[in-house]
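Visitor: My questions all concern the structure below.
The values are calculated or read from the model by the stated rules, or taken from the named source; none is laboratory data. All values reported here derive from a predicted model rather than from experimental measurement. All Cβ positions, even for glycine, are placed from backbone atoms using ideal geometry, and neighbour counts span all protein chains on display. For the accessible areas, the whole protein counts, side chains as well, though only heavy atoms, and no ligand, DNA or RNA atoms are used. Shrake-Rupley method; radii C 1.70, N 1.55, O 1.52, S 1.80 Å.
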Amino acid sequence: MEPLIRASGVWKVFGPKADRIVGTPDAALERAELREKTGCVAAVRNVSFEVLPGEVFVVMGLSGSGKSTLVRTLIRLIEPTAGEISIGGRDVRAAGAAELRDLRRNDVAMIFQHFGLLAHRRVIDNVAFGLEIRGMPKSERLSRAREVLRVVGLEDAADQFPDQLSGGMQQRVGVARAFAGNPKVMLYDEPFSALDPLIRRDMQDEVCRLQVETGQTMVFITHDLSEALRLGDRIAIMRDGAIVQLGTPEEVVGAPADEYVENFVRDVPRSQVLTLRWVMRDPEPGEALDGPRLDVGTIVRNAIPALAGSERPVLAVDDDRVVGVVDRVSVLEAIAGEGG
């Protein structure tokens, strides 16, 4: 499958003569050293990744790690200093003003923490706003807006105004507006950070549901590890502008790349993230393969009852083929020390 998004060697340097930093020894300096020596700040450092169609790709890191700057460079809301970016086969860096506008209107939608709803317009008109800008006839755009409002469960709020809605409902309107244009890519920049925890979880559920129903490709920015683990097919963890680890939630939790990532995942319950694929071992010579069978993608926590109820190890299977054996020792070793 061809990647929908490709980023290769992307840099964003702020400061005087920023374009002269990349490719010099100064580019390797720590952030503080670079700023002291040149007056420049490298917000994004030599970042490369690909996103497949239908994938939820999460970029996470602490404040100042460069994640929001990175996502903005993808559609040149912030101009990258160096590197290559393509979306749907389009060379984003080579795009002229008209092509860039077309990319932003038709191929990519971005959802921010602040909803940016038009207070004087009804919900349905807010959802249809992007289609109005495209020049779609009123009857068509309102029909499409009603359709999307049904998808996000807000069909009864179509004629209300934004200030009549809760924060969570307003964010749903923002999501619906982005979906209305049927973009190839959805970019979420910490969209739920300002919401209450329960509403935030509801919105995460909504994103998961919409992704399953629509197959939409999503790039999701967050500083919250639990949100990243919950949403992401793959996660890129950033520090000081660079990606320090890129992998599945299971890889990030099970094999952190360095101490920085290890500190991030230290309190994550491993049994709720790791699957049998991670903890299984090869069958021993002559070992009887007659224990309970579970799919290799089963979360360890969900396999514990089968292990506890059988004298035989659990068999991890993929399409009815035994690919590994999971015993109590391997599970205990995998989850040892979880929760700190």
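Visitor: Please enumerate the residues belonging to segment 182-229 that are surrounded by 15 or more Cβ atoms within 10 Å (Cβ to Cβ), of a type outside the set (A, V, I, L, M, F, W, C), modelled with pLDDT of 85 or more and outside any helix (DSSP H, G or I).
Guide: Once the filter is applied, which keeps residues that are surrounded by 15 or more Cβ atoms within 10 Å (Cβ to Cβ), of a type outside the set (A, V, I, L, M, F, W, C), modelled with pLDDT of 85 or more and outside any helix (DSSP H, G or I), segment 182-229 yields Pro183, Lys184, Tyr188, Asp189, Glu190, Gln216, Thr217, Thr222, His223, Asp224.
Visitor: Taking Ala303 as the residue in question, decide whether it is surrounded by 15 or more Cβ atoms within 10 Å (Cβ to Cβ), among the hydrophobic types (A, V, I, L, M, F, W, C), in contact with a Lys or Arg (Cβ under 9 Å, 6 or more places away or on another chain) and within 30 Å of Asn263 (Cα to Cα).
Guide: It is false that Ala303 is surrounded by 15 or more Cβ atoms within 10 Å (Cβ to Cβ), among the hydrophobic types (A, V, I, L, M, F, W, C), in contact with a Lys or Arg (Cβ under 9 Å, 6 or more places away or on another chain) and within 30 Å of Asn263 (Cα to Cα).
Visitor: When only residues in segment 36-52 that are under 13 Å from the mean Cα position of the chain (by Cα) and over 16 Å from Gln245 (Cβ atoms) count, which is most open to solvent (accessible area, probe 1.4 Å)?
Guide: Leu52
Visitor: Mind listing whichever residues of segment 230-244 are outside any strand (DSSP E or B), more than 10 Å from the chain's Cα centre (by Cα) and among the small types (Gly, Ala, Ser)?
Guide: Result: Gly241, single match.
Visitor: Which of the following residues is modelled with pLDDT of 90 or more, β-branched (Val, Ile, Thr) and closer than 14 Å to Arg270 by Cβ: Val317, Val323, Val331, Val300?
Guide: Answer to the selection: Val300.
Visitor: Starting from segment 114-128, take each residue that is over 21 Å from Glu147 (Cα atoms) and list its partners that are surrounded by 12 or more Cβ atoms within 10 Å (Cβ to Cβ) and among the aliphatic types (A, V, I, L, M), counting only C-beta distances under 9 angstrom and pairs at least six apart or across chains.
Guide: If the second residue must be surrounded by 12 or more Cβ atoms within 10 Å (Cβ to Cβ) and among the aliphatic types (A, V, I, L, M), the pairs left are His114/Ala194.
Visitor: Let me ask something additional. Determine, yes or no, whether Leu149 is in a helix (DSSP H, G or I) and either under 21 Å from the mean Cα position of the chain (by Cα) or touching a residue at least 12 places away in the same chain (Cβ under 8 Å) (or both).
Guide: yes
Visitor: Can you run down the residue pairs with Cβ atoms below 8 Å, 6 or more apart or on separate chains, where the first is in segment 213-241 and farther than 19 Å from Ile111 by Cα and the partner is among the charged types (D, E, K, R) and in a strand (DSSP E or B)?
Guide: Pairs that qualify, where the first residue is farther than 19 Å from Ile111 by Cα and the partner is among the charged types (D, E, K, R) and in a strand (DSSP E or B), are Asp240/Arg45; Gly241/Lys12; Gly241/Arg45.
Visitor: Mind checking which residues of segment 139-181 are of a type in the set (Phe, Trp, Tyr) and surrounded by fewer than 18 Cβ atoms within 10 Å (Cβ to Cβ)?
Guide: Phe161
Visitor: Restricting attention to segment 90-108, which residues are within 20 Å of Phe49 (Cβ to Cβ) and in contact (Cβ under 8 Å) with a residue 24 or more places away in the chain?
Guide: Answer for segment 90-108, where residues must be within 20 Å of Phe49 (Cβ to Cβ) and in contact (Cβ under 8 Å) with a residue 24 or more places away in the chain: Leu103, Asp107, Val108.
Visitor: Looking at (1) within 25 Å of Ala178 (Cα to Cα); (2) among the small types (Gly, Ala, Ser); (3) surrounded by 15 or more Cβ atoms within 10 Å (Cβ to Cβ), which is the one condition that is false for Ser65?
Guide: All conditions pass for Ser65, except number (1).
Visitor: Right, another one. Please work out which residue is farthest from the chain's Cα centre (by Cα), limiting yourself to segment 1-35 and to residues that are more than 25 Å from Gly215 (Cβ to Cβ) and of a type in the set (Val, Ile, Thr).
Guide: Checking each candidate, the answer is Thr24.
Visitor: Tell me, yes or no, whether segment 52-59 has at least one residue that is in a helix (DSSP H, G or I), aliphatic (A, V, I, L, M), touching a strand residue (DSSP E or B) at 6+ places or on another chain (Cβ under 8 Å) and more than 24 Å from Asn263 (Cβ to Cβ).
Guide: no
Visitor: Applying the selection to segment 230-274, what residues are within 29 Å of Arg328 (Cβ to Cβ), β-branched (Val, Ile, Thr) and open to solvent by 20 Å² or more (accessible area, probe 1.4 Å)?
Guide: Within segment 230-274, Thr248, Val273 qualify.
Visitor: Another question about this same structure. Of all residues in segment 103-138, how many are open to solvent by 60 Å² or more (accessible area, probe 1.4 Å) and part of a helix (DSSP H, G or I)?
Guide: Qualifying residue count for the region: 7.
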